[in-house]
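Trainee: Dropping the structure in here first, questions after.
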């Protein structure tokens, strides 16, 4: 892969905008498509993540499209405040990440438009719903397996990814006391003994590692690395600057080691590692079809997550590394499965050979490319700069 120049990045940004505009009107109530051809449905989580890029695009048509998405979600919200998985279908329920992502999306939308009371009632109901998602009646929220964006991977109990979104929307809505409690609870160690002592609560800090556990619940946890959750922990400021720097160094060193072993050819981190292999206790029979090592949720390269990792690098002031990763991502957003488009903005890339394996013209792949490019250009992280300004600067325990 040759060096990427500024014009190539500008061309990719233009193509990303074209993808988003193409996808802005789909067959379901005129709501946006999740992908250009493969996913005509308006999936809530994908479209909420797309707000990152749409909010910095300056494109009014896309902003109006997202307004319609948010308003439709509010109309399809359950009686108790839950947000559905499909924007247009109020009966498609059960996701752990759609309600917190809706709150984050509304928070960003309000910042851009200045409409501080936008969807006030729906936001109030959603905030109440989220307060009831803690089985210990505290601050970290819990979830059922396969209920977040990883529909082929188990996250049990207190998941890192969902709680980083919770923390972020709490900051955007100026609910700082509750956000402080979330950050404090995350900063506790996972429980590694076979016994839970009275009044001892699990957290998400991994002993002797610079990153947060993928999930934790009572005496169980997964200490495999979740790139999305940990990138959001850096971006939102949950991770202190010290921890963020150590985490980034660890990520890059681990990726170098994986490339040396032939487990990775792309100069971008997999979404999850080390990969779960057939001999591992976590292996599920379905993985053989959907989730082989280096595939999909089991270590695939997801461009939308790469965009968030790049933003996290900017947040950590790793500007040179962020630009290098943006160059790599710029190359990979050109690849496609159909080979009849100049820019594929594919869903996910196989880690061992760099081939696109998902759907082309994926909405969140295009949107998060725009967001990552904006972060690198401006050496800032729109919306998250403000979120980080309120954090407690908690260093992880020794």
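Readers should treat all values here as calculations from the given coordinates under stated rules, not as data from a laboratory. These numbers come from a predicted model, not from an experiment. All Cβ positions, glycine included, derive from the backbone under ideal geometry; neighbour counts span all protein chains shown.
Trainee: Compute the FRET efficiency between residue 257 and residue 207 as 1/(1 + (r/R0)^6), taking r as their Cβ-Cβ distance and R0 = 22 Å, and round to the nearest 0.05.
Mentor: 0.60
Trainee: Among (1) 21; (2) 17; (3) 49, find the value of percent of Cα pairs over 36 Å apart that was calculated from the structure presented, and write down its label.
Mentor: Identified label for the calculated read-out: (2).
Trainee: Using only the alpha-carbon atoms of the stretch 110-191, report the extent along each of the three principal axes, biggest first, to the nearest angstrom.
Mentor: Its Cα atoms span 42, 28, 21 Å along the three principal axes.
Trainee: Would you mind telling me which residue in 336, 187, 124 has the biggest mean-square fluctuation in a Gaussian network model of the chain, where springs connect alpha carbons within a distance under 10 angstrom?
Mentor: Between 336, 187, 124, it is 124 that shows the largest mean-square fluctuation.
Trainee: Ok, one more. Output needed: percent of Cα pairs per 5 Å distance bin for the stretch 291-345, bins running from 0 to the one holding the longest distance.
Mentor: That works out to 5, 18, 21, 21, 19, 12, 4, 1, in percent per bin.
Trainee: Here is a follow-up. How far apart, in nm, are the 7 Å Cα→Cβ label points at residue 324 and residue 220?
Mentor: Once both label points are built, they end up 3.9 nm from each other.
Trainee: Show me the three semi-axes of the equivalent ellipsoid for the stretch 259-300, from the C-alpha gyration tensor (sqrt of 5 times each eigenvalue), largest first, rounded to whole Å.
Mentor: Working: eigenvalues 71, 22, 12 Å².
Values for the stretch 259-300, descending: 19, 11, 8 Å.
Trainee: Which of 263, 185, 253 moves most in a GNM of the chain, Cα contacts under 10 Å?
Mentor: Of the options given, 253 has the highest mean-square fluctuation.
Trainee: Once you have the Cα-Cα distance between residue 64 and residue 245, take 0.36 nm times their residue separation minus that, and quote the gain in nm to one decimal.
Mentor: On the way: separation 181, 0.36 × 181 = 65.16 nm, distance 3.79 nm.
Answer, rounded to one decimal: 61.4 nm.
Trainee: Using a Förster distance of 51 Å, how high is the FRET efficiency between residue 112 and residue 279, based on the Cβ-Cβ distance and rounded to 0.05?
Mentor: Details: r = 49 Å, r/R0 = 0.95.
Calculated transfer efficiency: 0.55.
Trainee: Could I ask something else about it? Once the Cβ-Cβ distance between residue 175 and residue 75 is put in as r, and R0 is 25 Å, what FRET efficiency do you end up with, to the nearest 0.05? Working shown, then result.
Mentor: Values: r = 24 Å, r/R0 = 0.98.
Once the sixth-power term is evaluated, E becomes 0.55.
Trainee: Expressed as a whole number of Å, what is the distance separating the alpha-carbon centroids of the stretch 306-368 and the stretch 62-125?
Mentor: Distance between centres, Cα-based: 27 Å.
Trainee: For the stretch 163-287, what is one quarter of the convex hull surface built on the Cα atoms, given in nm²?
Mentor: Values: hull surface 38.5 nm².
Mean shadow area of the hull around the Cα atoms is 9.6 nm².
Trainee: Counting each DSSP H run of 4 or more residues in the chain as -39500 (n - 2.57), what helix-only mean residue ellipticity at 222 nm follows after dividing by all residues, to the nearest 500 deg cm²/dmol? Kindly include the intermediate steps, with their values, before the conclusion.
Mentor: On the way: 14 runs with 182 residues, N = 398.
Result for the chain: -14500 deg cm²/dmol, rounded to the nearest 500.
Trainee: May I ask you to derive the relative contact order of the chain, considering only C-alpha pairs under 8 Å and at least 6 residues apart, and to give it as an integer percent?
Mentor: On the way: 778 pairs, mean separation 73.1, N = 398.
So the answer I get is 18 percent.
Trainee: Multiply the residue gap between residue 390 and residue 144 by 0.36 nm, knock off their C-alpha separation, and tell me the result in nm, one decimal place. Write down the numbers at each step before the final one.
Mentor: Working: separation 246, 0.36 × 246 = 88.56 nm, distance 3.01 nm.
Taking residue 390 through residue 144 to full extension adds about 85.6 nm, to one decimal.
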